Each structure stands twice: as C-alpha cells, then as structure tokens.
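As structure tokens, the structure follows; a few thoughts come after it.
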Amino acid sequence: MQQDRGQWGSTVGFVLAAAGSAIGLGNIWRFPYVTGNNGGAAFVIIYLACVLVICLPYLLAELVLGRHTQRNPVGAIAAIKRHTPWPLVGGLGVLTGVFILSYYAVIAGWAFGYIFKTVVAPGMPHAEFAASPAIVVPLFAIFIVLTVLVVIGGVEHGIERWAKILMPILLLLMFVVIIRGCTLPGAGKGLEFYLMPDFSVVTGRVVLEALGQAFFSLSLGMGAIITYGSYLPKTANLWVSGTSVAIFDTGIALLAGFMIFPAVFAMGKDPAQGPPLLFEVLPEIFTHMPFGGVVAVLFFVLLSIAALTSTVSLLEVVVSFFVDERRWTRSRAVWVVGGIAFVVGLPSLLSQGANTTLSEMSLLGNTSFLFIMDFLWGNLSLAVGALLLSIFVGWVWGITRAGEEMNQGSQAGPGWIRLWGFFVRWVCPVLILIVLINLFGVFGE
Ligand code: PHE
C-alpha cells in the first residue's frame, strides 16, 4: 500500500524501540528534578497512580489506534472520522512533536557535551556551561543532525537496531551508579526523602506535574505511540507490548531516583534545585568512585543515546505525517523538520543564561523560555491531547471496534476489554479534565 512506511522486524524490536522512545531524559533528568521540586515520596506515589490508572489504559488506546489504521496521528484519526475536526487533534500532536523536539534537543546536547566536559573541563560550573553559546550551539546542532541521520535510516534499520543494543547497557550502568550513590555516607536521608511520603505537600499543582510527567515520560498525548504502533504487525499482542513499555519506562524512572537522591543528600545539596539537578549531582558522584572518569564518560554516552532514541521518536511522528499525508520523501521530510526544530529551539537554547530576557521571562511559575516551552508543550499540550484522544477512542471510534483490534494477536477475554473500555471512556477523560480545571483554579487564585 505505502512502500515508504516500513514495519518492525519483531515485537521485541517494537517494545525496545517504544521503550527507547519512552525512556530518555524524561526519566533520568526530568523525573528526579520534578520529584525533588515536589517534595519527594508523595509525588512518586501520585506519579505511580497516574501511570497505572490513566497512562496505561491510554497508552493501549494510542497503540490500538495506530496499529488499526497503520497511519501517522493525523491520518489515523482521519481514517476513522474524516471530514470532522477530529484529525486536528492529530495535528496538535504533530505540532507538539516539533516543539518538544526543539527544546529537548537542547538538554540532550548538554548530556552529549558532558561526555567531553567531564574530561576536558570537570571544574566548570554547570550554569557557566549552559550559558556559553559557543559550547551549547554546536552541541545542539550536532544532536539534531544525529537525530536526522537515525530517522533517515527508517524504522527497522535505524530505530530498532540501535534501541536493541543500547538500552540494556544503560540499565547496567545505572545500577553501578546507584550502588555507589547508596553507599555514600549520609545517603539514608535521601532514601527517606524518596520513599517516606509526606502528603501535606500535595497540591493541585503537584498532581498536574505528576500527570504531566507521566505523559511526558511515556511519550503519550502527542501520537508517538500511535506512530510506533502503526508499524506493528497484526500478530503482535498489544496488551503485552503496551504493558511492557510502561513497566520498563516506570522502572527506569524509579531507578533514576535511586541514582540521584541518596547522593544529593549525602553531598548536602538541595533536591529542589530544579533542572540542573542531574548535571550538578552526577559528576560529583563520579568523583567519589574508582574509575569515576571512565564511568562518567560511559554514563553520558548512554544518556545521550537514551535521549537520541527519544528525539528520534519525536521527529518520526512529524516525518510520518509528511510522508503519509503530504507524500514527501522520507529524507526531505527529515531534513526540513530537523531544520525547523533547530530554528525553533534557538530561543530555548539561549534562555539558559546566555540571553537575559529569555532567561528571566516567566509564565505561571515557570522561568526561562525553555521551561515555559516545557510547561506548554511537554505538560499542558500532552494532557489536552490525551484528553481528546481518549474521548476519540472511547466514544467516537468506540470500544467495540477498538476492542476487536486489541484482540487481534491476543486472546484476552471480554472482561478485559470491558475493564479497559471503562478506563478509556470514563476514568482517563474525567481525571485529566479535573486536573486541568484544577490547574486554572490554582493559578486563578
Ligand atoms: N518520553 C521521552 C522521555 O522520557 C520524551 C518524549 C515525550 C518522547 C513525548 C516522545 C514524545 O525522555
């Protein structure tokens, strides 16, 4: 039908590639600092509840929509409801992909730069590093080009092959860092912060942050999973694949917390210092390790790769739209969209100290252009997208038809479909709506 689309070589390949999309800076950089900002353990519990009750059923909804239609987010919705405003929801997803890519690649560029920084300039403060355009502009550009090159390789040979080799190595290295962090004197305080909940710190804002973080971390709400699901064969078991992705992703986020918090407290640092957290704390742990320099280099190499498998999925969503709907060639789509993300990302890049106006601007408690973008696209837009898409799958397409597709490649009983349907039709939209309304209530005060 469409020769340019491609398909995963195996279900395992899909799970690893989708886990590769999900696992990235969201887990290793964003989860710890958002947890730190929001008071620790209580936030983690709310986060886990969001994953289980909202994100997992919703993830299956994106997956089933993608595989059924074999299309990008816009085409997938249009295949079911053409000539309605619904495909615009897919359009919002594609747009969100470009915007998230634009600032995500900035942080990914930092991770990439730290490979060399740990060797060449270990003493340079993170703030100075992030504020030097001569350093961060080339890193950002390199990262976008790397993403472009992988996506040009296409589905099976580009994305799948890399994900398969590299994700297991990352996991191994995280364990090494965790063991070191947890055995530092004073680490116990960090474990307490991370594991002993204090629910008095929970506000509406904290819940929104938890939900937004869960969507972001699982790559939900903008069609990445629709797109990856669209390359799945009919024989794949969606229940198992979807649940495995959620388990991998959540597991890695939780591990990242164990990597960071014991060390933060052992070193007497502030867990609520925000986005620089990972970049401030990890290099310090490495100095307390035998062969710390080697571990540091290896760690940032793998972090960059984890980020790359995520930027690849962000770009892939947008590219699949142009390939399917606009009949562009893959390489043209990839270069054009990569170029746009680079230009759109420049203000985010310069907002980390290089330019005062961009660095000091603030919206609803989010300071700097980059974090305003992250709030608008990486949090709000994903929640809105997921709200609309769960309504679309649950009510417009309908659980009966979606359920038939769900069960191709699996033998789950009707009870499972009913349970899943209840979550997609009621629980997801209602809870997301409450959280969103609450957000405006919180800021309206
Ligand atoms: N889930 C990715 C991460 O945690 C980021 C991402 C968000 C990727 C949305 C694709 C879509 O790093």
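The values are calculated or read from the model by the stated rules, or taken from the named source; none is laboratory data. Given the structure is predicted, the values throughout are model-derived calculations rather than measurements. When we count neighbours, we look across all protein chains shown, and the Cβ atoms used for this are built from the backbone with ideal geometry, even at glycine. The area values use the complete protein model at the heavy-atom level, side chains included, leaving out ligands, DNA and RNA. Shrake-Rupley method; radii C 1.70, N 1.55, O 1.52, S 1.80 Å.
What separates the Cα centres of the stretch 53-99 and the stretch 174-213 is a distance of 34 Å. Taking the average, over residues, of other Cβ atoms within 10 Å as the packing measure, peptides 214-222, 33-41, 64-72 rank 214-222, 64-72, 33-41 from highest down. Annotation: per residue accessible area for the stretch 345-407 equals 36 Å², rounded to a whole number [probe 1.4 Å, protein chains only]. Sparsely packed loop sites in the stretch 81-170 (the trypsin sites (Lys or Arg not before Pro) outside DSSP H, G, I, E and B with at most 15 other Cβ atoms within 10 Å) comprise Lys81, Arg82.
Just so you know, the Rg over Rh for the stretch 55-186 is 1.08, from Cα atoms, with Rh as the Kirkwood radius.
Could you sort 334-341, 378-385, 55-62 so that the peptide with the highest average Cβ count within 10 Å comes first and the rest follow in order?
55-62, 378-385, 334-341
Taking the helices alone, the chain has a mean residue ellipticity at 222 nm of -22500 deg cm²/dmol, built from -39,500 (n - 2.57) per DSSP H run of at least 4 residues and averaged over all its residues. Charge dipole (Cα centre; +1 on Lys/Arg Cβ, -1 on Asp/Glu Cβ; no other charges) of the chain amounts to roughly 980 debye. For the stretch 111-116, putting each phi into the Karplus relation 6.51 cos²θ - 1.76 cosθ + 1.60 with θ = phi - 60° gives couplings of 4, 5, x, 5, 4, 8 Hz, in residue order, rounded to whole numbers and with x for Gly and Pro. Legend: P(r) of the chain from all alpha carbon pair distances, 20 Å bins from 0, whole percents, reading 27, 60, 13, 0. Normalising the average separation of contacting C-alpha pairs (under 8 angstrom, six or more residues apart) by the number of residues puts the relative contact order of the stretch 20-128 at 15 percent.
With N counted as the residues of the stretch 214-270, its alpha-carbon radius of gyration over 2.2 N^0.38 Å works out to 1.59.
Note on Gln7 and Gln411: with the Förster distance fixed at 22 Å, the Cβ-Cβ geometry gives a FRET efficiency of about 0.45.
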